[in-house]
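Input: a single structure, listed below in structure tokens.
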Amino acid sequence: MRKRDVLAVVTASLLALAAAGCESGSDSGGGGSGGGKIALLLPESQTTRYEQHDRPLFEAKVKELCPDCEVIYSNAQQDQSRQQQQAEAALNNGAKVLVLDPVDGAAAGTIASLAKSKGVPVISYDRLIQNAPIDYYISFDNERVGQLQGEALVNRLKEQGKTSGDIVMINGSPTDNNAKQFNKGAHSALDNSGFKTVPTPDYFTPEWKPENAQKFMEGQIAQLGKDGFAGVYAANDGTAGGAIAAMRAAGIDPVPPTTGQDAELAAIQRIVSGDQYMTVYKAFKPEAEQAATLAVDLVKGNKPSTGKTVDNGSGAVPSFLLEPVVVNQGNIKDTVVKDGLYTTQQICTSAYTAACQAAGLS
């Protein structure tokens, strides 16, 4: 063989070996810079945060950290069977990590166990997956959320000169473990406050639907009377909106202090106008970006430490727990506006111009 031909063969062999090495490093996921598929499985769209904030923030952070990674996105629309199918499809499609916000925290254990059997790590996002092997949990201190809601409500009622009376309690979905934690935290603030929560046993709103909360509140107004309750504990902004709609339809004016959660735009506007007293702002950006960062780490074979754990019934789960913040009329500028969640222009539409001026927002 001529010298020129030998050189060509050697060069070709070296190039082939280099290419094979690149493919091996990319597929291994063992701390390299290659990409992989990450499944983001969200539970529903009744709560506006998931489509408007969590999904785009998560996808943008993954793209920033891992341009070669692919996000497989699904929304279960509050259907546990659909979420099971979506998770199975993602695993069959080669997902290396599942970021799962469960429709039903208990039933989602089946998904976590399936992923475990395939060696795919699971991040329980926002809602805790119960009694199943999961790798990480990212959320807020949910009992603290309920406690903040209860404390804010009691403090507001006392500011109004009230020290006793009924508080209509509207909890979240009975299948959502977070709803149970909010409820527990709220009771820690309400039970020894001098006020009484009604009805007994506690009412949990099917699927978190505002229309279900509205129908329930209509029944409470009929039973208690328009002046028969001092305030309303609503677990989130959707249920608060339903309760307020029922009160308005019944001619209750002013609406008694009503709590919320999630800092939805409509809720912020109701706070500006005085219809809703407060909401709990859970900064979606750090939560979604922490989940994305962790997912990319796991794709690359890294396992960060958290410093905190939460017991999900199957063991101590390494956890990232973020701090919730109360938002009322006095700190809208310093919270949701300052963080860029909404602009004053988005909040202060024509219907809220006068209210925004009175609240110092425009």
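Considering only residues that are surrounded by fewer than 16 Cβ atoms within 10 Å (Cβ to Cβ) and among the hydrophobic types (A, V, I, L, M, F, W, C), look in segment 190-226 and name the one that is farthest from Thr163 (Cα to Cα).
Among those that are surrounded by fewer than 16 Cβ atoms within 10 Å (Cβ to Cβ) and among the hydrophobic types (A, V, I, L, M, F, W, C), it is Ala222.
What number of residues in segment 341-361 are in contact with a helix residue (DSSP H, G or I) (Cβ under 7 Å, 6 or more places away or on another chain) and surrounded by 15 or more Cβ atoms within 10 Å (Cβ to Cβ)?
8
If the requirement is being surrounded by fewer than 18 Cβ atoms within 10 Å (Cβ to Cβ) and either outside the structural domain of Asp101 (by TED's automatic domain parsing) or at pLDDT below 95 (or both), which of these qualifies: Lys338, Lys282?
That would be Lys338, the only listed residue that is surrounded by fewer than 18 Cβ atoms within 10 Å (Cβ to Cβ) and either outside the structural domain of Asp101 (by TED's automatic domain parsing) or at pLDDT below 95 (or both).
With in contact with an Asp or Glu (Cβ under 8 Å, 6 or more places away or on another chain) and in contact (Cβ under 8 Å) with a residue 24 or more places away in the chain as the only criterion, which of Phe284, Phe216 stands out?
Residue meeting the stated conditions: Phe284.
When you look at Lys215, is it more than 21 Å from the chain's Cα centre (by Cα), among the basic types (Lys, Arg), part of a helix (DSSP H, G or I) and farther than 30 Å from Gln345 by Cβ, yes or no?
Considered against the rule, which asks whether it is more than 21 Å from the chain's Cα centre (by Cα), among the basic types (Lys, Arg), part of a helix (DSSP H, G or I) and farther than 30 Å from Gln345 by Cβ, Lys215 comes out as yes.
Restricting attention to segment 327-339, report how many residues are in a loop (DSSP other than H, G, I, E, B) and within 18 Å of the chain's Cα centre (by Cα).
Residues flagged as in a loop (DSSP other than H, G, I, E, B) and within 18 Å of the chain's Cα centre (by Cα) within segment 327-339 amount to 1.
Quick one: is Thr309 within 21 Å of the chain's Cα centre (by Cα), crowded, with 17+ Cβ neighbours inside 10 Å and not hydrophobic (A, V, I, L, M, F, W, C)?
no
Here's a check for you: in segment 308-362, which residue that is in contact (Cβ under 8 Å) with a residue 60 or more places away in the chain and among the hydroxyl-bearing types (Ser, Thr, Tyr) is nearest to Leu57 (Cα to Cα)?
Tyr342
Kindly establish whether Leu153 is part of a helix (DSSP H, G or I) and assigned by TED's automatic domain parsing to the domain that holds Asp311.
No; evaluated as a whole, the condition is false for this residue.
Taking the stated definitions as given, is Glu44 modelled with pLDDT under 95, touching a strand residue (DSSP E or B) at 6+ places or on another chain (Cβ under 8 Å) and of a type in the set (D, E, K, R)?
Yes; evaluated as a whole, the condition is true for this residue.
Which of the following residues is under 19 Å from the mean Cα position of the chain (by Cα) and on the phi > 0 side of the Ramachandran plot: Asp104, Asp135, Asp141, Asp126?
Asp126
To keep it simple, each residue is scored yes or no on (1) of a type in the set (A, V, I, L, M, F, W, C); (2) surrounded by fewer than 23 Cβ atoms within 10 Å (Cβ to Cβ); (3) more than 26 Å from Met247 (Cβ to Cβ); (4) touching a Leu at 6+ places or on another chain (Cβ under 9 Å).
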| residue | (1), (2), (3), (4) |
| --- | --- |
| Ser124 | no, no, yes, yes |
| Asn142 | no, no, yes, yes |
| Asn155 | no, yes, no, no |
| Gly165 | no, yes, no, yes |
| Val168 | yes, no, no, yes |
| Asn171 | no, no, no, no |
| Phe182 | yes, no, no, no |
| His187 | no, yes, no, no |
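Kindly establish whether Gln160 is of a type in the set (S, T, N, Q) and more than 30 Å from Gln290 (Cβ to Cβ).
yes
Looking only at segment 107-144, how many residues end up being touching a Gly at 6+ places or on another chain (Cβ under 7 Å) and in a loop (DSSP other than H, G, I, E, B)?
Here the count works out to 6.
Tell me which residues, restricted to segment 48-67, are β-branched (Val, Ile, Thr) and crowded, with 22+ Cβ neighbours inside 10 Å.
Passing the criteria: only Val62.
Inspect all residues belonging to segment 180-194 and state whether any of them is farther than 29 Å from Ser124 by Cβ, in contact with a Ser or Thr (Cβ under 8 Å, 6 or more places away or on another chain) and in contact (Cβ under 8 Å) with a residue 12 or more places away in the chain.
yes
Could you tell me which residue of segment 252-271 is nearest to Leu41 (Cα to Cα), considering only residues that are buried (at least 24 other Cβ atoms within 10 Å of the Cβ) and of a type in the set (A, V, I, L, M)?
The extreme case among them is Ala263.
Among (1) in a loop (DSSP other than H, G, I, E, B); (2) assigned by TED's automatic domain parsing to the domain that holds Tyr50, which single condition is Gln290 missing?
In the conditions (1) in a loop (DSSP other than H, G, I, E, B); (2) assigned by TED's automatic domain parsing to the domain that holds Tyr50, Gln290 misses (1) alone.
The values are calculated or read from the model by the stated rules, or taken from the named source; none is laboratory data. Keep in mind that this is a model prediction, so the values were computed, not measured. FYI the Cβ positions are ideal-geometry reconstructions off the backbone, even for glycines, and counts take in every protein chain you see.
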